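Report on the following structure.
We did not get these values from a lab; they are worked out from the coordinates using the rules stated. Treat the numbers as computed from the prediction; the structure is a model and nothing was measured. FYI the Cβ positions are ideal-geometry reconstructions off the backbone, even for glycines, and counts take in every protein chain you see.
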Amino acid sequence: MNLLDFFRRSKEPTVASQAKERLQIVLAHERSDRNSPDFLPALQKELLAVIKKYVPIDDEKVLVKLERESGCSMLEVNVELPTPAKGASKPVAAAS
Amino acid sequence: MAKIITMTSGKGGVGKTTSSAAFGTGLAMRGFKTCIIDFDVGLRNLDLIMGCERRVVFDFINVVNGEARLNQALIKDKRVENLFILPTSQTRDKDALTKEGVEKVLDELKKEFDYILCDSPAGIEKGALMALYFADHAIIVTNPEVSSVRDSDRILGVIQAKSRRAELGLEPVQEHLLLTRYDLDRVEKGEMLKVDDVLEILAIPLLGIIPESPAVLKASNVGMPVVLDDKSTAGMAYSDAVARFLGEKVEHRFLKPEKKGFFDRLLRRTA
Ligand SMILES: Nc1ncnc2c1ncn2[C@@H]1O[C@H](COP(=O)(O)OP(=O)(O)OP(=O)(O)O)[C@@H](O)[C@H]1O
Ligand SMILES: [Mg+2]
C-alpha cells in the first residue's frame, strides 16, 4: 500500500462500512415486525368490522399498533373518522 | 446442575459443527463431563468431525424412539476423559424429533453430565427449534458477513420468543456471540465486517473470535476437534472461548496482524 492508497482509503467508505449500514437498516425493520404479535392483523380486521357498523370508514383508517416499553405494553388503536358531510350526519344503520 | 448449551446460527455452513466439537472438547478438557449431541437429523456430521464415525451403532433417534438405551448410543471419546458424543440418524428426518422425545433424553443426560452441547442444524424451522428449545445458553455462531449476521439476528428472535425459557417466562436464555472464520487481512482492508461492527449490530456478549485458519480443515480431515491442535490460532481461540464461558477473564488474541518481515510483505505482494 502506498501513501496515495492510504489517503484514498480514508475518504471512500469501505465495503465493510456499507455492509454495516445496510444491516442496521434492514434489521431495524425486521426487529419491529418481529415484535408485533400474530393476532394484530386479525384484531385490526375485527375492529374495523365493528366500527363500520356505526361509522362508514375506509379500510385503511384503522391502525393497530403494539408499543413495548420496559415493564408494560401499550396497544394503540388509531381510528380516523371521516369529516361529517354538512347537514347529513346520519349514522349507517347497524347491520342486523 | 447440568447446563444445556445450543450452538446455533440460522445460516448454514458458518461453523456450528466445528465449534460444537471444539467447544465441547474444551469443556471436557477442563474436567466437565460433557455430551455433544448432533441435532442435524439426516445430515450426520459431528461423528466425522469428532473422528468416531466408525463407532456409531445406535443414535439419538433410536434413543428417542426407545429402540436403544442411552448408554448404548453414547460414544466415549478415546482422547479426552469425560467427553461423549451422541450421534444422530442418517436415515430419518427432523420430524423424528418431538419436544417430548428430546426432553426425555435431555432429562436422562442431565443426571450424568455437567454440560450438554447441542449442535443445531441450519435454519430457523423445526430442526433448529428442537435444538434450542431446552437451552440454558445459546452460542450464536456468526461469520463477519451480511447474510450470516442477519440470520443470527433472526435466530436470536426465535430464542427470545420460542424457547422453553421464553414460553414459560423464566430467566431468558443466555446468549453468546462466537464470531468465526474471522479473516484479519480482509478486515484490515475494509472488505469484511469488524468485530465491533458485528457486536454493535447484534448487541450480545462476545464469547470469542475464531480466526480463519487452515488448521480447521486439517483437523476435520483427520477427525480431530481443532481445539486439540494447541499450536493453531483457531485451537487457541476456542480454548480461550471455553475459559471465558467458565467465567475467566481472557483477552482476545489474534486481533492484530502478525508483524510481517520485509520479505513476507514482498512475497505477499507478488503472490
Ligand atoms: N475458523 C475456520 N477457518 C477455516 N475454515 C473453517 C473455520 N470454521 C469452519 N470452517 C469450515 O467451514 C465449513 C463449514 O463448517 P461446519 O460444518 O462446522 O459448519 P456448520 O455451521 O456446522 O454447517 P451446517 O449448517 O451445514 O451444519 C467446513 O468446511 C469447515 O472446515
Ligand atoms: Mg453442522
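Which value in Å does the Kirkwood hydrodynamic radius of the protein assembly as shown take, with 1/r averaged over all unlike C-alpha pairs and then inverted?
23.4
Using alpha carbon centroids, what distance separates region B:5-76 and region B:223-259, in Å?
Value for the Cα centre distance between the two parts: 21 Å.
Could you sort the peptides B:165-173, B:66-74, B:199-207, B:127-135 by per-residue average Cβ neighbour count (10 Å cutoff), highest mean leading?
Peptide ranking by packing, descending: B:127-135, B:199-207, B:66-74, B:165-173.
So how do B:49-56, B:214-221, B:150-157 stack up, highest first, on mean other-Cβ count within 10 Å?
The densest-packed peptide leads the list: B:150-157, B:49-56, B:214-221.
What number does region B:162-210 give for Rg over Rh if you use C-alpha atoms and the Kirkwood radius?
The Rg/Rh ratio comes out at 1.16.
Pairs B:Lys111/B:Lys194; A:Lys20/B:Lys249; B:Lys16/B:Lys189; A:Lys65/B:Lys16; A:Lys52/B:Lys162; B:Lys218/B:Lys256: which exceed 31 Å Cα-Cα?
Going by Cα-Cα distance, B:Lys111/B:Lys194; A:Lys65/B:Lys16; A:Lys52/B:Lys162 fall outside the 31 Å limit.
Taking the alpha-carbon centroid of each part, what is the distance from region B:195-213 to region A:47-80 in angstrom?
About 40 Å separates the Cα centre of region B:195-213 from the one of region A:47-80.
Calculate the tail of P(r) for region B:1-114: the fraction of all Cα-Cα distances greater than 24 Å, expressed in %.
Roughly 18 percent, rounded to a whole number.
Specify whether the C-alpha gyration tensor of region A:38-81 places it in the rounded, prolate or oblate class, a ≥ b ≥ c being the square roots of the eigenvalues: rounded for a/c under 1.5, otherwise prolate if a/b is larger than b/c and oblate if not.
Prolate is the answer for region A:38-81, as a/c is 1.5 or above and a/b outweighs b/c.
Averaged over peptide B:155-161, how many Cβ atoms belonging to another chain are found within 10 Å of each residue's Cβ?
2
Once you order the gyration tensor axes a ≥ b ≥ c over the Cα atoms, which shape class does region B:123-271 get: rounded for a/c under 1.5, otherwise prolate or oblate by comparing a/b with b/c?
It is prolate, given that a/c is not under 1.5 and a/b is the larger ratio.
Once amide H atoms are built 1.01 Å from N in the peptide plane, which residues 5 or more positions from B:Leu117, or in another chain, come under 5 Å H to H?
It is B:Ile5, B:Cys35, B:Ile36, B:Ile37, by chain and number.
Over the whole of B:200-210, what's the average partner chain Cβ count within 10 Å per residue? Rounded to a whole number, please.
The per-residue average across the peptide is 1.
What is the set of long-range amide H partners of B:Glu175 at a cut-off below 5 Å, with H atoms built 1.01 Å from backbone N?
Amide H neighbours of B:Glu175: B:Ala138.
I need the phi-derived Karplus couplings for region A:56-61: 6.51 cos²θ - 1.76 cosθ + 1.60, θ = phi - 60°, integer Hz, Gly and Pro marked x.
Along region A:56-61, the couplings run x, 10, 7, 4, 7, 8 Hz.
Considering the options A:Val50, A:Leu63, A:Phe39, tell which one lies farthest towards the positive end of the dipole of region A:38-81, charges being +1 on Lys and Arg and -1 on Asp and Glu at the Cβ, about the Cα centre.
A:Val50
Hey, what did region B:126-241 get for relative contact order, percent, Cα under 8 Å, at least 6 apart?
Result for region B:126-241 is 23 percent.
In 5 Å bins starting at zero, report the fraction of Cα pairs in chain B per bin as a rounded %.
Reading the bins upward from 0: 1, 6, 13, 18, 19, 17, 12, 7, 4, 2, 1, 1, 0.
Taking 8 Å as the Cα distance limit and 6 or more residues as the minimum spacing, I'd like the relative contact order of chain B as a percentage.
For chain B, the relative contact order is 24 percent.
Modelling each spin label as a point 7 Å along the Cα-to-Cβ direction, I'd like the B:Arg54/B:Glu251 distance in nm, to one decimal.
4.4
Under the definition of partner shielding as Cβ atoms of other protein chains within 10 Å of a residue Cβ, what is the mean value for peptide A:16-26?
5
Taking Rh as the Kirkwood radius computed over C-alpha pairs, what is the Stokes-Einstein D of region B:76-175 at 25 °C in a medium of viscosity 0.890 mPa s, expressed in µm² per second?
For the chosen part, D equals 164 µm²/s.
For A:Lys53 paired with B:Glu112, estimate the spin-label separation in nm (one decimal), with each label point 7 Å from Cα along the Cα-to-Cβ line.
6.2
Considering only DSSP beta bridges with both partners in the protein assembly as shown, what is the antiparallel share in %, to the nearest 5?
25
For n ≥ 4 DSSP H runs only, could you compute -39500 (n - 2.57) per run for the protein assembly as shown, divide by its residues and tell me the 222 nm figure to the nearest 500?
The helix-only estimate for the protein assembly as shown comes to -12500 deg cm²/dmol at 222 nm.
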